[in-house]
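The values are calculated or read from the model by the stated rules, or taken from the named source; none is laboratory data. These figures come from a predicted structure and were not determined experimentally. Note that each Cβ is placed from the backbone with ideal geometry, even for glycine, and that neighbours are counted across all protein chains shown.
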Amino acid sequence: MTTKKLKKMAIAALLAASSLAGTTLAWAGDTIKIGVLHSLSGTMAISETTLKDTMLMLIAEQNKKGGVLGKKLEAVVVDPASNWPLFAEKARELISKDKVDVVFGCWTSVSRKSVLPVFEELNSILFYPVQYEGEESSKNVFYTGAAPNQQAIPAVDYLMNEVGVKRWVLAGTDYVYPRTTNKILKAYLMAKGVKKKDIMINYTPFGHSDWQSIVSEIKKFGSAGKKTAVVSTINGDANIPFYKELANQGISAEDIPVVAFSVGEEELSGLDTKPLVGHLAAWNYFMSVESDENEEFIENWHKFIKNKKRVTNDPMEAHYIGFNMWVKAVEKAGTTDPKVVQDALIGVTVPNLSGGYSAMMPNHHITKPVLIGEIQKNGQFDIVWETSGLVPGDAWSDYLPGSRDLISDWRAPLSCGNYNVKTKKCSGQNY
Amino acid sequence: MSEYAITAKAKKPALLLLCLALLTGFVQQLAAAELSLEESWKILSSKNYKKKARAIEAIAQHNPPEAYVALKAMLNGQLYYARRSKELYILKEAGDNYIFTPLFAGEAVTRESKRGFKKIRINNRLRSLIRQSLAVMQLKDDDADVRLAAVQELLKNPEAEAAALIASLIDKETDSRVQKAMRTLLAINQLEYGDEAAHPHAIETLAASLNTSAMNALRNYQAPNKVLEKKARAAIKRINDQRDLYAKAETMFFGLSLGSVLALAAIGLAITFGVMGVINMAHGELIMIGAYTTYVIQLLMPEHIGLSILVAVPAAFVVSGLVGIAIERSVIRHLYGRPLETLLATFGVSLILQQTVRSIFSPLNRSVETPQWMSGAWQINEVLALTWNRFYIIIFCLAVFIALILVMKKTVLGLQVRAVSQNRMMARAMGVRSEWVDALTFGLGAGIAGMAGVALSLLTNVGPNLGQSYIIDSFMVVVFGGVGNLWGALVAGMSLGVINKMLEPWAGAVLAKILVLVFIILFIQKRPKGLFPQRGRAAED
């Protein structure tokens with residue numbers, strides 16, 4: 001550990017010295033450095049540690065294949081400790097001090113918002129692997145997780161058309177992702193003719209653990225004789241007591257199904273899933289997907305982590321796609337210079353784990369299939385529905401006033417993240 | 001024959017025929033089912049859920065002898081088919097082996113893996129369809145509870161066919177609960193399909209029921225004349241009044257249960273902070289250690305989950321108590337009388353404990369299984385159900401509290417603790433080993449925090465951050481209740497719980513929490529010493 005650190009410091013010092021001497025080839029060395037910016041301590045460690053391990057695995061595999069451009073890849077792992085301002089500091093440290101060529105990281109939207117100015121100022125690249133609320137497009141960020149139209153909207157469509165849901169509970173944790181997603185969903189539902197009295201919106205604080213009265217309210221709301229479903233943007237930790245309370249109050253998935261956007265295999269692995277059978281989740285990947293790529297990925301993961309019981313999940317697939325895209329773009333460009341790679345990334349197509357291909361689009365979002373799964377007794381998902389083709393991620397929602405007219409296209413000559421098609425103007429913001 | 005059957009017969013004679021067919025399974029000639037039985041069994045192994053739904057309907061209508069077993073196995077995820085022959089099998093797990101018994105005639109196969117067999121997958125729609133079909137078959141079960149569950153299942157979606165069947169069974173029914181549920185179902189059906197003469201009676205039956213479907217039937221009721229409309233409206237009002245009453249009782253229960261969790265988390269702190277005056281920021285982590293102890297105990301005795309919780313209570317007390325004594329001896333002992341340093345030091349200790357747990361058990365949450373006797377709810381009537389785990393936690397909280405009061409009031413240790421906290425020098429002069437008493441008192445407070453951890457492990461995540469979410473609440477309860485007063489902690493916890501739950505439906509969870517905090521701040525302004533201030537000379541310094 002210490003020798004590794006010493007080595008890291010030595011390299012950093014060397015690089016710092018070389019950049020002081022005025023060389024522009026700061027990224028050229030014996031290794032290509034990749035920054036991994038995931039919390040390894042604090043509240044988000046539960047989700048983010050796995051992604052750090054995923055990155056280490058992907059990098060190790062690429063090195064076995066001979067690295068990139070004939071150079072070995074080296075991971076630089078830092079711990080922003082679930083502390084949002086620290087994310088920005090660590091990002092700056094990775095780019096300016098460690099001279100990484102690309103960073104894979106962040107989980108919460110607030111951490112992404114915190115590092116965004118840093119990436120734009122230093123013109124580096126961030127791959128962001130988690131589903132998020134959209135309404136953002138940065139030249140320096142590549143969003144490999146789902147935008148709302150790749151997760152929330154198809155899930156609602158499924159409930160409306162296949163399950164026949166007429167009354168909706170939008171339950172979420174009180175922060176930016178659920179608030180924006182619910183705003184989009186509400187606009188979408190109203191556009192589909194759902195009345196205001198048939199939508200109930202509920203927010204709870206982070207880590208909420210006493211769900212008794214909310215579940216009882218949901219039960220009451222759902223007993224009006226119309227099929228009711230809960231669309232849950234409840235974050236991480238609060239989910240387990242929520243599902244426990246649902247089971248205890250005797251609400252089964254057949255009565256009131258809950259479709260969750262933040263509950264995956266990893267979250268279920270800490271839970272007795274018997275009472276949850278039938279509740280739904282919408283993702284772009286499930287561990288139970290049947291494809292050769294997925295089988296190989298799971299096998300490699302078990303070998304790497306040395307534990308056959310560990311599960312895989314959607315953000316892991318996002319990193320898998322993002323990493324392979326970056327490798328392909330670097331090979332296409334022949335350099336790791338972020339300025340060049342940013343342009344080379346657009347249009348890159350790589351296999352995803354669900355048996356198809358994902359492409360990076362000009363708005364820095366990717367194309368993905370959308371899957372709906374039902375929770376099984378063993379903590380896995382049975383895929384009950386999927387979109388017929390790939391869904392391209394939409395940075396600006398079509399259902400919100402203000403963002404409806406915006407498009408994002410980072411190709412020259414437009415090169416704009418928020419071009420208004422009505423006023424024909426780029427608002428000039430960087431994101 | 002009862003009046004219900006007569007109206008059903010008069011209105012829908014075809015239904016009775018159908019129900020007869022349902023009972024005897026001679027439906028083939030009637031062509032009511034589009035699919036033949038043979039086709040239906042085959043379709044089950046397809047991937048198309050819509051086709052499968054039709055197949056299940058057909059199987060239920062044909063009702064061959066295998067139907068009940070097959071549908072039940074399908075519901076439990078135990079119906080498989082062989083990949084090659086597409087024959088249906090029922091899976092049983094015996095140790096490491098899988099036994100596949102053919103649904104129709106044939107030899108059972110024992111395998112080490114499920115290779116070659118595939119599960120028949122179902123989704124929510126199929127699940128409720130199967131439940132409804134099974135319920136029809138279970139109406140004639142020997143067990144009254146099964147019959148009751150079946151009628152209640154049918155009540156969720158009362159259809160004319162089921163009503164006709166029930167009408168033929170109601171007179172033979174011996175169990176009064178089942179009969180009542182059946183009567184409700186028939187009344188709903190009558191309101192929808194029966195003729196006007198039967199409506200008044202049906203409305204009266206429904207008015208006495210608290211069932212949701214009954215309520216909805218009344219709400220959707222298109223009254224043919226003014227008298228009936230008035231009657232229906234009165235019935236709805238009556239049901240609503242009753243429901244409101246039960247809803248109030250439910251809120252009260254929710255409040256008490258949240259209160260008991262708060263009190264449980266705070267009682268330990270009431271001793272360390274209240275009696276000893278130590279600001280222990282690691283209190284939450286002692287709760288967390290108790291929760292992890294529960295997890296470890298369950299790992300050690302996987303066969304006896306029901307018992308494990310009972311074993312975990314004393315185990316958590318001992319483990320957390322020992323950790324508490326260790327903290328007291330190594331850190332706090334040196335810092336008595338320096339509250340700021342104690343606060344910082346114990347905050348450091350809490351971070352160390354969190355990271356230790358993270359290193360040992362990984363940052364992922366661990367699952368503590370809720371034993372059978374603690375899951376589910378105590379169904380008092382159709383609207384009011386008290387969840388068992390919450391109910392037991394209220395009782396547990398009271399038990400812990402009473403035990404603690406007894407220790408403080410009736411034992412030598414309690415006497416010495418009180419003596420030291422009131423006047424340390426005087427107690428020492430009387431021969432009390434104050435250092436020893438300090439360690440034990442702190443250990444007692446820590447141990448009780450550990451027991452709170454056992455209760456919390458059943459409600460929330462067992463993870464490294466468990467303690468953090470309760471530390472602020474605990475301090476809030478102790479300060480509100482009055483520092484140094486155990487009764488204060490109990491009353492404060494309970495009242496904060498009830499206030500919170502009363503505010504929640506009206507203000508939302510986020511605002512309710514804020515309002516409670518504002519309330520406490522205002523209260524402390526008015527009465528700085530809390531609900532039950534300590535009186536006498538000791539409190540004056």
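Structure values in brief
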item	result
Count of residues meeting criterion [within 11 Å of chain B (Cβ to nearest Cβ), assigned to a loop (DSSP other than H, G, I, E, B) and surrounded by fewer than 24 Cβ atoms within 10 Å (Cβ to Cβ)] in the range A:258-289	8
Among (1) aliphatic (A, V, I, L, M); (2) in a helix (DSSP H, G or I); (3) crowded, with 18+ Cβ neighbours inside 10 Å; (4) touching a helix residue (DSSP H, G or I) at 6+ places or on another chain (Cβ under 7 Å), the one test that residue B:73 misses	(4)
The range A:221-238, residues that are facing chain B (nearest Cβ under 10 Å), touching a Ser or Thr at 6+ places or on another chain (Cβ under 7 Å) and in a helix (DSSP H, G or I)	A:236, A:238
Meets criteria (in the same structural domain as residue B:128 (by TED's automatic domain parsing) and touching a Lys or Arg at 6+ places or on another chain (Cβ under 9 Å)) for residue B:35	yes
Residue in the range A:382-398 that is within 14 Å of chain B (Cβ to nearest Cβ), out of contact with any Leu (no Cβ under 9 Å at 6 or more places or on another chain) and of a type outside the set (Lys, Arg) present	yes
Any hit, the range B:191-208, residues being over 30 Å from residue B:529 (Cα atoms), of a type in the set (Ser, Thr, Tyr), more than 12 Å from chain A (Cβ to nearest Cβ) and in contact (Cβ under 8 Å) with a residue 24 or more places away in the chain	yes
Residue among A:115, A:103, A:76 that alone is part of a helix (DSSP H, G or I) and buried (at least 19 other Cβ atoms within 10 Å of the Cβ)	A:115
Any hit, the range B:270-283, residues being of a type outside the set (Phe, Trp, Tyr) and within 14 Å of chain A (Cβ to nearest Cβ)	no
Residue identified as within 14 Å of another protein chain (Cβ to nearest Cβ) and loosely packed, with under 13 Cβ neighbours inside 10 Å among B:240, B:216	B:240
Check on residue B:145, outside any helix (DSSP H, G or I) and more than 14 Å from chain A (Cβ to nearest Cβ)	no
Condition check for residue A:255: facing chain B (nearest Cβ under 10 Å), acidic (Asp, Glu) and farther than 25 Å from residue A:283 by Cβ	no
For residue B:431: the one exception among (1) out of contact with any Ser or Thr (no Cβ under 8 Å at 6 or more places or on another chain); (2) in a loop (DSSP other than H, G, I, E, B); (3) under 21 Å from residue B:286 (Cα atoms)	(3)
Within the range A:328-379, tally of residues that are within 14 Å of another protein chain (Cβ to nearest Cβ) and surrounded by fewer than 17 Cβ atoms within 10 Å (Cβ to Cβ)	2
Where a residue in the range A:195-209 is more than 7 Å from chain B (Cβ to nearest Cβ) and under 19 Å from residue A:183 (Cβ atoms) and its partner, wherever it lies, is in a loop (DSSP other than H, G, I, E, B) and hydrophobic (A, V, I, L, M, F, W, C), with Cβ under 9 Å and at least six apart	A:198/A:224
Answer from B:127, B:121 - the residue that is outside any helix (DSSP H, G or I) and within 14 Å of chain A (Cβ to nearest Cβ)	B:121
Condition check for residue A:377: assigned by TED's automatic domain parsing to the domain that holds residue A:161, of a type in the set (D, E, K, R), part of a loop (DSSP other than H, G, I, E, B) and in contact (Cβ under 8 Å) with a residue 12 or more places away in the chain	yes
Selected residue (only one of B:350, B:367, B:362, B:375 is free of Cβ contacts under 8 Å to residues at least 12 places away in the same chain and of a type outside the set (Lys, Arg))	B:362
Test for residue A:213: is it free of Cβ contacts under 8 Å to residues at least 12 places away in the same chain and either under 22 Å from residue B:514 (Cβ atoms) or more than 8 Å from chain B (Cβ to nearest Cβ) (or both)	yes
Residues being surrounded by fewer than 18 Cβ atoms within 10 Å (Cβ to Cβ) and of a type in the set (Val, Ile, Thr) - total across the range B:479-514	2
When residues of the range B:247-303 are limited to those that are without any contact (Cβ under 8 Å) to a residue 60 or more places away in the chain and either touching a His at 6+ places or on another chain (Cβ under 8 Å) or not in a helix (DSSP H, G or I) (or both), the one nearest to residue B:441 (Cα to Cα)	B:301
Looking only at the range B:334-354, and only at residues there that are part of a loop (DSSP other than H, G, I, E, B) and not hydroxyl-bearing (Ser, Thr, Tyr), the one that is farthest from the other protein chains (Cβ to nearest Cβ)	B:337
The range B:355-392, residues that are of a type outside the set (Gly, Ala, Ser), within 10 Å of chain A (Cβ to nearest Cβ), closer than 15 Å to residue B:457 by Cα and assigned to a loop (DSSP other than H, G, I, E, B)	B:364, B:365, B:368, B:369, B:370
Yes/no for residue A:143 being touching a helix residue (DSSP H, G or I) at 6+ places or on another chain (Cβ under 7 Å), closer than 24 Å to residue A:361 by Cα and surrounded by 24 or more Cβ atoms within 10 Å (Cβ to Cβ)	no
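Yes/no per residue for (1) of a type outside the set (Ser, Thr, Tyr); (2) within 14 Å of chain A (Cβ to nearest Cβ):
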| site | (1), (2) |
| --- | --- |
| B:52 | yes, yes |
| B:68 | no, no |
| B:82 | yes, no |
| B:95 | yes, no |
